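Below: one structure, written as structure tokens.
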Amino acid sequence: MCTANGSDQLAARARDAAALSAGRCRVLRGGCYGLCELGPNVVVREHEQGELPDENADRLSLTNAPGEAVYCVVAPAQVATLVAAHLDGTGPVQGWTRAAREAALPAASPTAARVRAVRRRRQR
Ligand code: FES
């Protein structure tokens, strides 16, 4: 679903933003995070300088570890802002996080029901 909603364009913009980061940012493509209804999604993981994971490390799962931010319903035009916020230490960008996007869903919407179902499955 993320691909259908523009994740390829989003990834291209992320790579453009990362190219301007003097090696401080690496872009990896993930798989499905189970947040399809809210895609495309961006996961930002902050690491100590010099400790960037290799390109295949831990890329397909959410870790909920400190320093991990999950953004949903991300538009390509928002990527540069996300990258800049995390590089300058002002991130996460609160209004675009998974929690903010989920909170903005009307409670009775089919999307909200699917998101709640995914959350319940993950908690088992
Ligand atoms: S396809 Fe993107 S989270 Fe499932």
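Values in this text are rule-based calculations from the coordinates and carry no lab data. These numbers were taken from a predicted model, which means no experiment stands behind them. Because the Cβ atoms are built from the backbone with ideal geometry, glycine has one as well, and the counts that use them run over all protein chains shown.
Ordering Tyr33, Tyr71 by the number of other Cβ atoms within 10 Å of each residue's own Cβ, fewest first, gives Tyr33, Tyr71. Using a cutoff of 8 angstrom between alpha carbon atoms and counting only pairs six or more residues apart, the relative contact order for the chain works out to 28 percent. Which distance in Å, rounded to a whole number, links the C-alpha centroids of segment 30-52 and segment 60-120? Each part's Cα centre sits 10 Å from the other's. Volume per residue for the chain equals 109 cubic angstrom (convex hull of Cα atoms). Taken one residue at a time, the phi angles of segment 107-121 give Karplus couplings (6.51, -1.76, 1.60, θ = phi - 60°) of 4, 8, 6, x, 5, 4, 5, 5, 5, 5, 5, 4, 4, 5, 4 Hz. Gly and Pro are set to x. Over the residues of the chain, the helix contribution to mean residue ellipticity at 222 nm works out to -10500 deg cm²/dmol, using -39500 (n - 2.57) for each DSSP H run of at least 4. Here the dipole of the chain is about 680 debye; that uses its Cα centre as origin and unit charges on the Cβ of Lys and Arg (positive) and Asp and Glu (negative). Going from the fewest other Cβ atoms within 10 Å to the most, the residues Glu68, Glu37, Glu51 appear in the order Glu51, Glu68, Glu37.
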